[in-house]
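What follows is a single structure, written as structure tokens, with notes after it.
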Amino acid sequence: MGKKVIIVGGVAGGASSAARLRRLDEDAEIIIFEKGNYISFANCGLPYYIGGTIQERSNLLVSTPEDMNGKLNIDVRINSQVTKIDTDKKEVTIQSNEKGQYTESYDFLILSPGAKPIMPRIEGIDNKKVLTLRNMEDTDKIKDYVTKNKLETAVVIGGGYIGVEMAENLNDLGIDVTLVEAAPHILAPFDADMITIAEKELQDNNISLELGNGLKSFSDNESRLKVALNDGKTIDADIAILAIGVTPDTGFLKDTALEFGTKGHIIVNDHMETNIKDVYAVGDAVEVVDFINKQKSAIPLAGPANKQGRIAADNICGIKSTYKETQGSAIIKVCDLTCASTGNNVRTLERLNIPNEVLYVLPQSHASYYPGATPITLKLIFNHEGKILGAQAIGYEGVDKRIDVIATVIRLGGTVTDLTELELCYAPPYSSAKDPINMAGYYAEDILKGLSDAVLPKDIDSRDKNNIVLLDVRTDLERETGTIEDSTHISLQELRKRYNELDKNKEYWTYCQVGQRGYYAERLLKQRGLKVKNLSGGLKQYIAYKYVPSKKKMMIHPINFQGNRIRV
């Protein structure tokens with residue numbers, strides 16, 4: 001008889017490990033215990049089912065117990081919660097809706113308990129109008145509540161991926177939504193100078209934002225829910241969705257000898273083995289190593305969980321597979337925008353005292369002369385040796401493939417020079433002859449070679465105005481749409497004839513709309529003996545950096561940062 005493997009928890013980590021085990025060992029006895037009703041479902045699709053983009057509930061069910069049993073001969077037991085593990089006896093205790101309490105022995109154990117929503121200890125948290133979204137049961141409850149009640153207003157607490165997706169989908173149903181985030185900005189993987197673009201997109205689509213303002217309490221206000229915030233503001237709503245993050249669902253393991261990280265995650269090695277022989281762990285409940293900074297971290301994403309499940313199965317079957325750290329590549333739809341990131345952001349690098357350089361390029365998604373081109377804002381983060389540390393991109397088209405390419409280069413240990421050498425697909429409907437990836441690489445090389453000195457938007461307002469002059473090199477017509485205060489103007493077209501007007505004792509920071517002409521001016525003036533830097537990303541990125549969400553509901557659709565025109 002083959003080995004007996006028990007898997008605690010399904011979805012990405014547990015289900016993938018079970019499927020891989022069967023492909024490797026036809027004789028193994030494989031049992032999955034899932035405390036809920038569903039063994040494998042599309043977590044990331046849940047908000048879109050609630051909002052109606054995904055109309056068929058059945059499309060969310062990746063696999064059923066019957067399917068796994070019929071195709072793979074895997075014994076799936078739903079509504080069966082593992083309550084205790086005895087690693088000395090190598091057995092687990094199960095509380096089943098059908099069988100009551102019983103035990104099962106194992107040869108190998110894979111823990112895939114996942115994570116559960118954080119529920120802060122605040123007044124009114126148990127109110128029936130306060131719901132969370134983590135699984136199919138939560139989804140059904142929210143969908144039923146939204147369908148059966150005529151909802152006018154909703155509050156979403158938490159500006160992470162789930163919170164933003166829920167805010168958008170409730171808004172799509174015609175519900176007046178307020179998104180509350182205790183941090184200064186939404187979507188923590190993005191730096192503040194990038195994510196303001198997405199915040200404006202939410203506001204442009206009539207989703208109100210309360211940033212830097214945490215939750216204080218919930219209470220009933222006649223037929224509605226009163227949501228009290230830390231600054232004293234209250235919001236009346238028909239429903240509140242709590243999405244302030246997750247914590248590892250490992251309480252049932254507290255009496256074991258397993259090692260845990262500081263936040264309760266299971267510690268594993270690169271084979272996904274715990275400190276106890278024959279016990280493996282995968283998914284959102286495990287502590288990982290960050291691929292960029294090599295620090296211990298927790299990054300609850302579906303992709304890593306699937307890989308970890310496969311690796312655990314390999315090692316149980318004698319194939320020495322290793323998990324090579326987590327990079328954190330992620331993407332999200334924010335109304336009409338796409339926001340994607342990979343690697344570390346500047347905030348993380350600075351917290352860890354890791355030196356870094358930053359640049360912005362704002363190219364078109366494909367050849368500008370071909371109809372339908374839209375701008376992309378791409379931020380590249382790298383070190384003095386040219387190693388890429390991270391990247392973020394926001395736009396309407398072509399964002400995903402640019403970040404995927406950079407993520408691949410990072411994973412293979414590449415540098416900014418590799419970005420210049422990539423030979424990527426080109427035809428006018430899809431890209432430009434010099435792809436945005438190549439552009440970012442060329443710009444980074446210029447910085448590292450000393451050909452360009454980049455000034456970042458955050459540096460503008462704190463500059464020494466007595467010694468540093470902002471030089472706007474745009475046209476007179478462009479100046480009419482707005483400019484940075486206290487800047488001098490000489491258009492690029494006139495600069496070669498008028499550069500003698502500039503004081504060689506001063507330092508000049510050039511800028512244009514998106515940075516390219518500012519760079520041309522920088523190179524021109526440096527060769528004439530002036531000290532010059534260029535505002536990376538130009539005026540457009542400076543405006544994005546300065547954006548502060550309005551406290552008033554938007555009644556019109558204003559010009560977006562990503563559009564062809566800007567409003568200062």
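The values are calculated or read from the model by the stated rules, or taken from the named source; none is laboratory data. All of these numbers come straight from a predicted model, not from anything done at the bench. Methodologically, a virtual Cβ is constructed for each residue, glycine included, from the backbone with ideal geometry; neighbour enumeration extends over all protein chains shown. Side chains are part of the model used for accessible areas, which takes the heavy atoms of the whole protein and leaves out ligands, DNA and RNA. Shrake-Rupley method; radii C 1.70, N 1.55, O 1.52, S 1.80 Å.
Computed values, structure above
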item: Every residue from segment 320-341 that is more than 13 Å from Lys307 (Cα to Cα) and basic (Lys, Arg); result: Lys320, Lys333
item: Which listed residue, of Gly114, Gly158, is under 30 Å from Ala28 (Cβ atoms) and either of a type in the set (Phe, Trp, Tyr) or open to solvent by less than 60 Å² (accessible area, probe 1.4 Å) (or both); result: Gly114
item: Boolean, Ile78 is hydrophobic (A, V, I, L, M, F, W, C) and touching a strand residue (DSSP E or B) at 6+ places or on another chain (Cβ under 7 Å); result: no
item: Residue identified as in a loop (DSSP other than H, G, I, E, B) and either modelled with pLDDT under 55 or open to solvent by 10 Å² or more (accessible area, probe 1.4 Å) (or both) among Arg517, Arg523, Arg565; result: Arg565
item: Test: residue in segment 88-98 that is in a loop (DSSP other than H, G, I, E, B), among the hydroxyl-bearing types (Ser, Thr, Tyr), open to solvent by less than 40 Å² (accessible area, probe 1.4 Å) and at pLDDT 95 or above; result: no
item: Test: residue in segment 305-324 that is closer than 20 Å to Leu187 by Cα, open to solvent by 20 Å² or more (accessible area, probe 1.4 Å) and within 20 Å of the chain's Cα centre (by Cα); result: no
item: Residues within segment 161-179 that are open to solvent by less than 10 Å² (accessible area, probe 1.4 Å) and in a strand (DSSP E or B), tallied; result: 2
item: Out of Ile30, Ile54, sole residue that is in a loop (DSSP other than H, G, I, E, B), of a type in the set (Val, Ile, Thr), open to solvent by less than 50 Å² (accessible area, probe 1.4 Å) and touching a helix residue (DSSP H, G or I) at 6+ places or on another chain (Cβ under 9 Å); result: Ile54
item: Test set (1) under 17 Å from the mean Cα position of the chain (by Cα); (2) surrounded by fewer than 19 Cβ atoms within 10 Å (Cβ to Cβ); (3) of a type in the set (S, T, N, Q) - Thr338 fails condition number; result: (2)
item: Residue match in segment 10-23 (condition: touching an Asp or Glu at 6+ places or on another chain (Cβ under 8 Å) and surrounded by fewer than 16 Cβ atoms within 10 Å (Cβ to Cβ)); result: no
item: Residue in segment 206-218 that is among the basic types (Lys, Arg), touching a strand residue (DSSP E or B) at 6+ places or on another chain (Cβ under 8 Å) and at pLDDT 95 or above present; result: yes
item: Segments classed as helices (runs of 4 or more DSSP H), wholly inside segment 385-501, with at least 3 members that are open to solvent by 60 Å² or more (accessible area, probe 1.4 Å), modelled with pLDDT of 95 or more and closer than 20 Å to Ile292 by Cβ; result: 399-411
item: Where Ala42 falls short, out of the listed (1) small (Gly, Ala, Ser); (2) touching a strand residue (DSSP E or B) at 6+ places or on another chain (Cβ under 9 Å); (3) open to solvent by less than 20 Å² (accessible area, probe 1.4 Å); result: (3)
item: Tally of residues being among the basic types (Lys, Arg) and either open to solvent by less than 20 Å² (accessible area, probe 1.4 Å) or more than 19 Å from Pro47 (Cβ to Cβ) (or both) across segment 130-155; result: 1
item: Some residue of segment 235-244 being in contact with a Leu (Cβ under 8 Å, 6 or more places away or on another chain) and among the acidic types (Asp, Glu); result: yes
item: Subset tally (residues that are open to solvent by less than 60 Å² (accessible area, probe 1.4 Å) and more than 18 Å from Ile110 (Cβ to Cβ)) for segment 57-87; result: 5
item: Test: residue in segment 348-371 that is under 26 Å from Cys44 (Cα atoms) and under 18 Å from the mean Cα position of the chain (by Cα); result: yes
